[in-house]
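Okay, structure first, notes after.
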Amino acid sequence: MKVIDVLDKEFIIPELKGEDKRAVLEEMVDSLVSKVEGLDKEEVLEVLLEREKLGSTGIGFGVAIPHGKLKDLDHLIVSFGKSSKGVDFQSLDRKASHLFFLILAPENSTTTHLKILARISRLLKDPDFRKRLLQSKTCEEIYNTVADEDNKY
C-alpha cells in the first residue's frame, strides 16, 4: 500500500497555524470533518488525544504521526500538515515537530493501519525527503513530493 493511495490532495494543509499539540490536532481534524461525511470532530479528537496519552506519536526528526481507530469508519484516511515554525509535540528527541501525517483507520483494520504507519515511517527516515517536504509550499508540491518518494519503493 502506498501513501498516495490514501492521501488526497484536499487533506493536505501546507501551513498549520496551531501552536501546540491540541491545536494542531484540532486543525487537522477540522479539515477532515469538513470534507469527510460522517466524521464527528469530538470523537476523532478524543481518539487521537487518548492515543497521545499512551505515548507521544512525535517520533523525532521533526516528525509526528498521530493516529487512531474509529469504530464507524469504513476506510483508511491519511492527512498531512506542515508547520514551518514547529510545534512541541513531546517528541522522543524533545525537538519541535514540523511534519504531521495523521492516520484514521477503521477499528477492525489492524493490518492496514500498521502497513500505512510503517510505510509513512519508512519514507520519513530519509532526511532529504523530510527536507523536500519542509521546502514544499503548496498542496500540489507536497503531494508530488510524497508521490515521488512513494514511487521509489
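The values are calculated or read from the model by the stated rules, or taken from the named source; none is laboratory data. The model shown is predicted, which means the values in this text are computed figures rather than measured ones. Cβ placement follows ideal geometry from the backbone for every residue including glycine, while neighbour counts extend to all protein chains displayed.
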Six or more apart or on different chains, Cβ atoms under 6 Å: show the pairs whose first residue is in segment 9-31 and farther than 19 Å from GLN135 by Cα and whose second is small (Gly, Ala, Ser) and surrounded by 21 or more Cβ atoms within 10 Å (Cβ to Cβ). MET28/SER79; MET28/GLY81
Identify, by number, the condition in (1) under 21 Å from VAL146 (Cβ atoms); (2) modelled with pLDDT of 95 or more; (3) among the hydrophobic types (A, V, I, L, M, F, W, C) that VAL44 doesn't meet. (1)
Qualifying residue in segment 73-86 (condition: on the phi > 0 side of the Ramachandran plot and surrounded by fewer than 20 Cβ atoms within 10 Å (Cβ to Cβ)): yes
Let me spell it out: the conditions are (1) touching a Ser or Thr at 6+ places or on another chain (Cβ under 8 Å); (2) assigned to a loop (DSSP other than H, G, I, E, B), and PHE101 meets all of them except one. Which number is the exception? (2)
Considering only segment 12-52, how many residues are over 13 Å from the mean Cα position of the chain (by Cα), among the charged types (D, E, K, R) and in a helix (DSSP H, G or I)? 9
Name the residue that is nearest to HIS67 (Cα to Cα), counting only residues in segment 113-130 that are of a type outside the set (Gly, Ala, Ser) and surrounded by fewer than 16 Cβ atoms within 10 Å (Cβ to Cβ). LEU114
Report every pair of residues separated by at least 6 positions or lying on different chains whose Cβ atoms are under 7 Å apart, first residue within segment 136-153 and outside any helix (DSSP H, G or I), second surrounded by fewer than 18 Cβ atoms within 10 Å (Cβ to Cβ) and modelled with pLDDT under 95. none
So VAL146 fits all but one of (1) surrounded by fewer than 15 Cβ atoms within 10 Å (Cβ to Cβ); (2) closer than 29 Å to GLY38 by Cβ; (3) in contact with a helix residue (DSSP H, G or I) (Cβ under 9 Å, 6 or more places away or on another chain); what number is the exception? (1)
